[in-house]
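Pasting in a structure now, in structure tokens, and then I'll have a few things to ask.
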Amino acid sequence: MQYNAPVKTESSPYAGRTGLAEWLAPKILLAVSLLSIATTAGIVVILLTESCAFFQEVSIREFLTNPKWTPLFASRNFGVAPLVAGTAMVTAGACVVAVPLGLGCAIYLSEYAPERVRRILKPLLEILAGIPTIVYGYFALTAVTPFLTLIFPQIKLFNALSASIVVGIMILPMIASLSEDAMSAVPSVMRDAAYALGSTRLEVALKVVFPAAFSGITASVVLALSRAAGETMIVTLAAGALPNLNFNYLDSIQTMTAYIVQVSKGDTPRGSIEYLTIFAVGLTLFAITFLMNILAKFISERFKEEIR
Amino acid sequence: MITGEALRRRVIRRKRRDAVFHGIFLMCALAGVAVLFILLLDVVKKSAGWLDIGFITSFDSRKFEEAGMAAGIVGSLCLIAIAAPLSFVLGVATAVYLEEFAKPGRINWLIQTNISNLAGVPSIVYGLLGLAIFVRYLGFGRSVLSGGLTLTLLILPIVIVASREAIRAVPAGLRHASYALGAGKWTTVLRVVLPSALPGMLTGSILAVSRALGETAPILIVGAVTYTAKLPQSLFDSFTAMPIQIYNWTGLPKEEFRHVAAAGIVVLMIVLLSVNALAIMLRNKYSGKR
């Protein structure tokens, strides 16, 4: 039952300062709340205006179809494809690592784990999720890459494989915890019915819970992949600075995020074409992650309806 | 027709498969934990012998024996001193509006959709926003103020979400009691809802601060300097931060700097764990009281 606050009337005790505060407070709070909209608007406006300046010097056609990205060299090429390919490689690689492990972990936590084990495992996964990406980057460069060199002697010091694996580890807790939420939301009557028919836990997990939670799980994976695409420090430290379209995981690559860092580290004057490129690349990255987030939201809303 | 023997064998097979997959799922769950321990052990081992009082109190140096983290520690504290109070005030105000005053409608749908979208924007994009608005447009330069404001915007969605949950957890009875005494909506929020939700809001904000402490990309874009031998004296001074120094040391060619970086990571992780422990203590202290 919803009770409402007393309404102000002529004879009410809300006169003077209290009355003013009651009247003013919601308006101030609304103004502050609009700051979040201003932030989004700021991001979109900044990325669009600076990109517009960029596209006055470089055609959109060249940006999208030129297969080379060499804006810092003497012979300049402004094709974003190699950077997008780099980001796609790392995201796909991270997906291969994180999806099986994350889903296995989620099934274990939601269907198998005794309460005691859950209470230890979940905080540990939270710690894993709270480790700064710079630490993961250090780990990729100084521990994972040397280990990979033992398996693939021809691997480059900066390579896509090491970065992909570590980005995968970074998003693993996110997939595990969001997918576990989706599986736990499956009504227990569905489980009980399957158990009553003599199913094993594996059959309940794979044939009842997993299909019922499928859209929720998909949403969690898409959300985690969007995180992977926007990841910066791991790829900056471990994946190199060599944008290319070779799709070789043992080679150096460059992602969109790593390029932005590379340029901002140097002192590029405002208005120069190098300064503008990072906003064009930023706009591309923002558009990609935004679409992925919208997709995840759309899928998870459908999931909520299915569960109901 | 299935005979008794065939049925028995099938049940045994299904049970065995269940047991095998139980093991596989457990391995998946332990994989993350294993990596966590390998990572921490690796860093601690590499930092051994490099981490001492001198490392915390001295400035960075081109000589690896003398490199220290003082500027990074102070710089990170300055960033947090700007971002934590600002994001707390703005975040709590937004949360109060959305939970207590907002009526369902277009504006509120817009604000809410916005906040969930903002939480998914890559942190480097916030760096670009800070670079264009604070550094260039408002003319704050590559200063500690620009960095702090950028981090404020970055953690604002986290603070809002946590504060909304804390407000929602306030029992309706408390509000009703306040209304019954004739208090208005704002008075009720100020005197009843906020004090009761404060521990939860503080916990969420502290966790957001720990996120801000570890962020590297946005302040790198905004223009944190990788090498400095002085502390920021004013809001408009240049700055560095703990993750920035770690990034710098990791990228230096001399092998010894890897150990310096490891020592830096240990310091950063100790700070983060203490901040998180503070949040957990706060949560445990107040969660039983209601």
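No value in this document is a laboratory result; all are computed from the given coordinates. None of the values given here were measured: they were computed from a predicted structure. Heads up, the Cβs are rebuilt from the backbone with ideal geometry, glycines too, and the neighbour counts pull from every protein chain shown.
Between A:Leu24 and B:Leu110, with labels modelled 7 Å along Cα→Cβ, what's the label distance in nm to one decimal, could you check?
Computed distance between label sites A:Leu24 and B:Leu110 equals 2.6 nm.
Turning to a different aspect of this structure: Tell me, what are the semi-axes, in whole angstrom and largest first, of the equivalent ellipsoid of the stretch A:116-191 as set by the roots of 5 times the Cα gyration tensor eigenvalues?
33, 14, 10
Report the one residue of B:Thr203, B:Leu138, B:Gly184 whose Cα lies farthest in the direction of the positive end of the charge dipole of the stretch B:91-226 (charges on C-beta: Lys and Arg +1, Asp and Glu -1; origin at the Cα centre).
Among B:Thr203, B:Leu138, B:Gly184, the one farthest towards the positive end of the dipole of the stretch B:91-226 is B:Gly184.
State, as an integer percentage, the relative contact order of chain B based on alpha-carbon contacts under 8 Å between residues 6 or more apart.
26 percent
In addition: Of A:Leu285, A:Ala258, A:Thr268, which is farthest towards the positive pole of the stretch A:251-308's charge dipole, taken about the Cα centre with +1 and -1 on the beta-carbons of Lys, Arg and Asp, Glu respectively?
A:Leu285
What residue among B:Ala166, B:Ala71, B:Ala34 shows peak mean-square fluctuation when chain B is described by a Gaussian network model with Cα springs under 10 Å?
Result: B:Ala34 has the largest fluctuation of those listed.
Moving to a separate point now. Who wins for biggest fluctuation among A:Gln154, A:Gln262, A:Gln254 in a Gaussian network model of chain A, springs between alpha carbons below 10 Å?
A:Gln154
In whole angstrom, note down how far apart the Cα centers of the stretch B:1-60 and the stretch A:135-196 are.
12 Å
Note down the relative contact order for chain A as a percent, whole number, built from C-alpha pairs under 8 angstrom at least six residues apart.
On the way: 393 pairs, mean separation 73.9, N = 308.
Taking the mean separation of contacting Cα pairs over the length of chain A, I get 24 percent.
For B:Ile124, what charge total do you get from the other residues with a beta carbon under 11 Å from its beta carbon, if Lys and Arg give +1 and Asp and Glu give -1? Mind showing how you got there, number by number?
Values: positive: none; negative: A:Glu231, B:Glu215.
For residues surrounding B:Ile124, the net value is -2.
Based solely on its DSSP helices, what 222 nm [θ] is calculated for chain B when runs of n ≥ 4 H residues each add -39,500 (n - 2.57) and the sum is averaged over all residues, nearest 500 deg cm²/dmol? Don't skip to the end; give the middle numbers.
Numbers: 12 runs with 204 residues, N = 290.
Only helices count here, giving -23500 deg cm²/dmol.
Right, here's the next one. Hydropathy first: keep DSSP H helices in chain B averaging at least 1.6 on Kyte-Doolittle, then drop any whose Cα extent along the axis falls short of 24 Å, and list what survives.
For chain B, where a helix must reach 24 Å along its axis and average at least 1.6, the hits are B:70-96.
Using a simple spin-label model with points 7 Å from Cα along the Cα→Cβ vector, what separation in nm is obtained for A:Thr149 and A:Glu306?
Taking the simple label geometry, A:Thr149 and A:Glu306 are separated by 4.6 nm.
Separate question: Rounded to the nearest 0.05, what FRET efficiency do A:Phe214 and A:Val96 give with R0 = 22 Å and r taken as the Cβ-Cβ distance? Could you check?
That gives a FRET efficiency of 0.70.
Another question, then. At a Cα cut-off below 17 Å, give the lysines reachable from B:Lys254, other chains included and same-chain residues fewer than 8 away excluded.
B:Lys46, B:Lys63
Just to be sure I understand: with springs between alpha-carbon atoms less than 10 Å apart, which residue in A:Leu245, A:Leu24, A:Leu150 has the highest mean-square fluctuation in the Gaussian network model of chain A?
Residue with maximal mean-square fluctuation among A:Leu245, A:Leu24, A:Leu150: A:Leu24.
In angstroms, what radius of gyration and Dmax does chain B have, counting Cα atoms only?
25.1, 87
Hey, what do the phi angles of the stretch A:255-266 turn into as Karplus ³J(HN,Hα) couplings, whole Hz, using 6.51/-1.76/1.60 and θ = phi - 60°, x for Gly and Pro?
In residue order, the calculated couplings are 9, 4, 5, 5, 5, 4, 5, 4, 6, 5, 5, x Hz.
Another question about this same structure. What is the spin-label model distance, in nm, from B:Phe64 to B:Ala19 if the labels are put 7 Å beyond Cα along the C-beta direction?
In this crude spin-label approximation the distance works out to 5.2 nm.
Then there's this: Which number do you get for Rg(Cα) / (2.2 N^0.38 Å) in the stretch B:30-87?
1.54
Just add up the charged neighbours of A:Ala98: K/R +1, D/E -1, any other residue whose Cβ is under 13 Å from the Cβ of A:Ala98.
0
May I pose another question? Based on Cβ point charges of +1 for Lys and Arg and -1 for Asp and Glu, what charge dipole magnitude is obtained for the protein assembly as shown about its Cα centre, in debye rounded to the nearest 20?
1520 debye
I would also like to ask the following. Rounded to a whole number, what is D in µm²/s for the protein assembly as shown from Stokes-Einstein with the Kirkwood radius over alpha-carbon pairs (4 °C, 1.567 mPa s)?
D, rounded to a whole number, is 50 µm²/s.
How high is the FRET efficiency between A:Ala287 and A:Val32 when r is their beta carbon distance and R₀ equals 25 Å, given to the nearest 0.05?
Calculated value: 0.30.
Now for a separate question. Hey, with R₀ at 35 Å, roughly what FRET efficiency would B:Leu198 and B:Ala229 work out to, going by the Cβ-Cβ distance, to 0.05?
0.30
What net charge is computed for the residues neighbouring B:Asp237, neighbours being all others with C-beta under 12 Å from the C-beta of B:Asp237, Lys and Arg scored +1, Asp and Glu -1?
For residues surrounding B:Asp237, the net value is +2.
Let me see the P(r) profile for the stretch A:110-262: every Cα-Cα distance counted, bins of 10 Å, each bin given as a percent of all pairs.
Per 10 Å bin, starting at 0, the Cα pair percentages come out as 11, 30, 26, 19, 11, 2.
Next question. In whole Hz, what ³J(HN,Hα) sequence does the stretch A:170-184 give by Karplus (6.51, -1.76, 1.60; θ = phi - 60°), x for Gly and Pro?
Residue by residue, the stretch A:170-184 yields 4, 8, 3, x, 5, 4, 4, 6, 5, 5, 5, 4, 5, 5, 5 Hz.
Follow-up. Hey, got a sec? Which trypsin sites (Lys or Arg not before Pro) in the stretch B:147-232 land in a DSSP loop and have at most 14 other Cβ atoms within 10 Å?
Passing both the DSSP loop test and the Cβ count: B:Lys230.
Sticking with this structure for a sec: Once amide H atoms are placed 1.01 Å from N in the peptide plane, what residues at a sequence separation of 5 or more from A:Trp69, or on another chain, have their amide H within under 5 Å of its amide H?
A:Gly79
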